[in-house]
Amino acid sequence: MSKKIAVIYSFHTKKSKRIAEKIIEAWGEPGLEAVNAEELTKEVMEKYDHFIMSAPTWFDGELPNYWDEFVPDLEEMDLKGKKFAIFGLGDQKGYSENFVDAIGILAEILEECGGTTIGNVPVDGYTFESSRAQRDKVFVGLPIDQENQARMTNGRVKEWVSQLKKEF
Ligand SMILES: Cc1cc2nc3c(=O)[nH]c(=O)nc-3n(C[C@H](O)[C@H](O)[C@H](O)COP(=O)(O)O)c2cc1C
């Protein structure tokens, strides 16, 4: 039986939603299932084998508000055997010291719960001061910067999706 994979993102964002849709389109069939991050429950997390998660960075290095409610529940879950690929919108010029921090914050929470993060990408090609998402020479997920590098987005998404197909 093929694995069930969910793409979790806030249905009320504009930019993150657009990227999630690009990921779903690039993935093709059998398709990924879209889940609204604002309506996440433990049951949803149990229902799927693996996840692609959106973590845009807000408030100088934090997860957006809609994660606040579910994170305490998430922290109590056993996520062993589940794989997580995280993508995150950020702005490397405007928020150079906290570039895509939310990717790193979410990765830490998921790993604490036994989950495995996949989909690391090299830091080459991005210019920033510091990031909680950086581990040595890679990010623990895919940063997307629509403010400064929008023209690279389609290529980055396509490449990441083919990488994920091997890693899931
Ligand atoms: C108030 C505010 C704070 C932000 N803080 C950060 C930040 O700390 N790090 C970062 O990389 N991007 C930061 N950004 C940039 C956003 O992540 C970026 O605009 C992103 O596209 C938002 O995605 P969304 O609209 O899908 O939520 C911030 C943007 C705003 C408006």
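The values are calculated or read from the model by the stated rules, or taken from the named source; none is laboratory data. The model shown is predicted, which means the values in this text are computed figures rather than measured ones. Methodologically, a virtual Cβ is constructed for each residue, glycine included, from the backbone with ideal geometry; neighbour enumeration extends over all protein chains shown. Calculation scope for accessible area: heavy atoms of the full protein, side chains included, ligands and nucleic acids excluded. Shrake-Rupley method; radii C 1.70, N 1.55, O 1.52, S 1.80 Å.
Residues checked against (1) out of contact with any Ser or Thr (no Cβ under 9 Å at 6 or more places or on another chain); (2) small (Gly, Ala, Ser):
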| site | (1), (2) |
| --- | --- |
| ALA6 | yes, yes |
| HIS12 | yes, no |
| TRP27 | yes, no |
| ALA34 | yes, yes |
| GLU43 | yes, no |
| ASN65 | yes, no |
| GLU76 | yes, no |
| GLY81 | no, yes |
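The residues in segment 6-22 that are surrounded by 15 or more Cβ atoms within 10 Å (Cβ to Cβ), more than 9 Å from the ligand (Cβ to nearest atom) and over 13 Å from ILE86 (Cα atoms) can be counted, and the count is 1. Considering the conditions (1) open to solvent by 10 Å² or more (accessible area, probe 1.4 Å); (2) farther than 22 Å from TRP27 by Cβ; (3) within 17 Å of the chain's Cα centre (by Cα); (4) more than 11 Å from the ligand (Cβ to nearest atom), PRO72 is excluded by exactly one of them, (3).
Per the conditions (1) more than 15 Å from the chain's Cα centre (by Cα); (2) open to solvent by 40 Å² or more (accessible area, probe 1.4 Å); (3) over 27 Å from PHE128 (Cα atoms), the sole criterion not satisfied by LYS83 is (1). If I filter segment 41-59 down to residues being more than 11 Å from the ligand (Cβ to nearest atom) and open to solvent by less than 20 Å² (accessible area, probe 1.4 Å), which single residue comes out as nearest to SER162 (Cα to Cα)? Looking at the filtered set, the residue picked out is ILE52. Of all residues in segment 141-152, at least one satisfies being within 13 Å of the ligand (Cβ to nearest atom), modelled with pLDDT of 95 or more, under 20 Å from ALA6 (Cβ atoms) and assigned to a loop (DSSP other than H, G, I, E, B).
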